[in-house]
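Asker: Could you have a look at this structure, given as structure tokens, before my questions?
Nothing in this text is a laboratory measurement; each read-out follows from the coordinates by a stated rule. In this text the structure is predicted, and so the values were computed from the model without any measurement. In this analysis, Cβ positions are derived from the backbone assuming ideal geometry, glycine residues included, and neighbour counts consider all displayed protein chains.
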Amino acid sequence: MYTSVLRFAPSPNGYLHLGHAYSALLNFDMARELGGRFILRIEDIDAARCRPEYEAAIYEDLRWLGISWVEPVRRQSQHLADYQAAIAKLESAGLVYPSFESRSEINALVTERERHGPWPRDPDGVPLYPGRARQMSMVERERRRRAGEPFALRLATDAAVARAGVLSWSETARGPRAETRRVTAVPQQWGDVVLARKELPTSYHLSVVVDDALQGVTNVVRGQDLFWSTSIHRLLQALLGLPDPVYHHHRLITDDDGRKLSKATHATSLRELRAAGVSAADVKRMVGLGR
């Protein structure tokens, strides 16, 4: 029986680039170092952007890098009932509420608030939810939901923190065998995050903690850009009674201008590198993992 489980969880909304290669290889190497298991998860809840050809390319690119994984691969789109059950548990505890503003209405509210001074933003730079939906009566909420109005289900973060108490997580400095430190979670800095929407029963924050628990993930190895997201993940784990893994937030692979590689900025894909004659060993050296 494996005592350590690590995972790589890409979204099939574009082709993998060097940043993905580094994260996948690091997870794969750490799993072998620990004598553990490496699993692959496809985070395909965004049906508008995820495509079968991108998913097929993920498998092809990882095999080219020499990475293998334990079957079956978990595809989030096939497990929406798991996320609905988690939302139902939070709703029954009175920790989730619907907000009915559109994105443009929220932007207008933020603009109005900022006339009186800076409005707080989350670690990603997004303004915190400025609406008053939490004060809406239950009767009004149900009336609007029955009427079929679009809504987002938000976590009542202050109430959730009051219930869960002070939380922290174990963060390793350089890998699973390195010295760990405890990091205090600060979920309040995210405000009342969206956990689901009318048309989609989950979000990244919710699905990642549910999936990690169901798949027995013991070590979460992911990019430094997700470091403070762990605050919300620890809060959800505590509220849902889920185990908390050990975390390692690795360095990011950046371009010549120091920007994180991303699909949005059209970073050179592994497929393009392979077509240009770059080998898997070259890729490993390029991301600092080869000799």
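Asker: Could you order peptides 166-172, 232-238 by the average number of other Cβ atoms within 10 Å of their residues, highest first?
Answerer: 232-238, 166-172
Asker: Which label belongs to the value computed from this structure, given these candidates for P(r) over Cα pairs in 5 Å bins from 0, in percent: (i) 1, 6, 13, 18, 20, 19, 14, 7, 2, 1, 0, 0; (ii) 1, 5, 11, 13, 12, 12, 11, 10, 8, 6, 4, 3, 2, 2, 1, 0, 0; (iii) 1, 5, 11, 14, 17, 17, 14, 10, 6, 4, 2, 0, 0?
Answerer: (iii)
Asker: Please list, by residue number, everything in the stretch 84-110 whose backbone N is under 12 Å from a paramagnetic label point 7 Å out along Cα→Cβ of Val126.
Answerer: Inside the label zone: 103.
Asker: Now for a different question. Which order, highest average first, do 148-159, 10-21, 195-206 follow once you tally other Cβ atoms within 10 Å for each residue and take the mean per peptide? Mind showing how you got there, number by number?
Answerer: On the way: 148-159: 17.8, 10-21: 21.2, 195-206: 19.2.
Result, highest mean first: 10-21, 195-206, 148-159.
Asker: Give me the aspartates and glutamates in straight-line cross-link reach of Lys260: C-alpha distance below 18 Å, same-chain residues under 8 apart excluded.
Answerer: Once the sequence-local aspartates and glutamates are set aside, what remains near Lys260 is Asp124, Asp225.
Asker: I need the phi-derived Karplus couplings for the stretch 197-213: 6.51 cos²θ - 1.76 cosθ + 1.60, θ = phi - 60°, integer Hz, Gly and Pro marked x.
Answerer: With coefficients 6.51, -1.76 and 1.60, one gets 9, 3, 8, 8, x, 6, 9, 4, 4, 6, 5, 5, 6, 5, 4, 4, 5 Hz.
Asker: Please name whichever of Gly36, His20, Ile67 sits farthest to the positive end of the charge dipole of the stretch 13-71, dipole taken about the Cα centre and charges placed at Cβ: Lys and Arg +1, Asp and Glu -1.
Answerer: The one lying farthest along the dipole's positive direction is Gly36.
Asker: So for the stretch 49-156, averaging the separation of alpha carbon pairs under 8 Å that are six or more residues apart and normalising by length, what relative contact order in percent results?
Answerer: Relative contact order for the stretch 49-156 comes out at 32 percent.
Asker: Straight-line reach from Lys198: which lysines have Cα under 23 Å away, leaving out those fewer than 8 places along the same chain?
Answerer: Leaving aside lysines fewer than 8 places away in the same chain, those within reach of Lys198 are Lys89.
Asker: Something else: Could you list Tyr59, Tyr97 so that the one with the fewest beta carbons within 10 Å of its beta carbon is first and the one with the most is last?
Answerer: Neighbour counts put them in this order, fewest first: Tyr59, Tyr97.
Asker: Sequence-distant or interchain residues sharing an amide H contact under 5 Å with Val220, placed H: which?
Answerer: Close amide H contacts, sequence-distant or interchain: Val246, Tyr247, His248.
Asker: For the stretch 1-103, what relative contact order do you get, as a whole percent, if you take Cα pairs closer than 8 Å and at least 6 residues apart? Working shown, then result.
Answerer: Working: 114 pairs, mean separation 30.9, N = 103.
Computed over the stretch 1-103, the figure is 30 percent.
Asker: Follow-up question, since we're still on this one. Could you give the size of the charge dipole of the chain about its Cα centre, using +1 on the Cβ of each K and R and -1 on the Cβ of each D and E, expressed in debye and rounded to the nearest 20?
Answerer: 320
Asker: Going by amide H atoms built from the backbone, whose H comes under 5 Å of the H on Thr202, apart from near neighbours?
Answerer: Hits under the 5 Å cutoff: Arg197.
Asker: Here is a follow-up. Under the Karplus relation 6.51 cos²θ - 1.76 cosθ + 1.60, θ = phi - 60°, what is the ordered set of whole-Hz ³J(HN,Hα) values for the stretch 262-276, x standing for Gly and Pro?
Answerer: With coefficients 6.51, -1.76 and 1.60, one gets 8, 5, 4, 9, 6, 4, 4, 7, 5, 4, 5, 5, 5, 5, 7 Hz.
Asker: Normalised by the number of residues in the chain, what is the relative contact order in percent for Cα pairs under 8 Å and 6+ residues apart?
Answerer: Details: 447 pairs, mean separation 68.6, N = 291.
Value for the chain: 24 percent.
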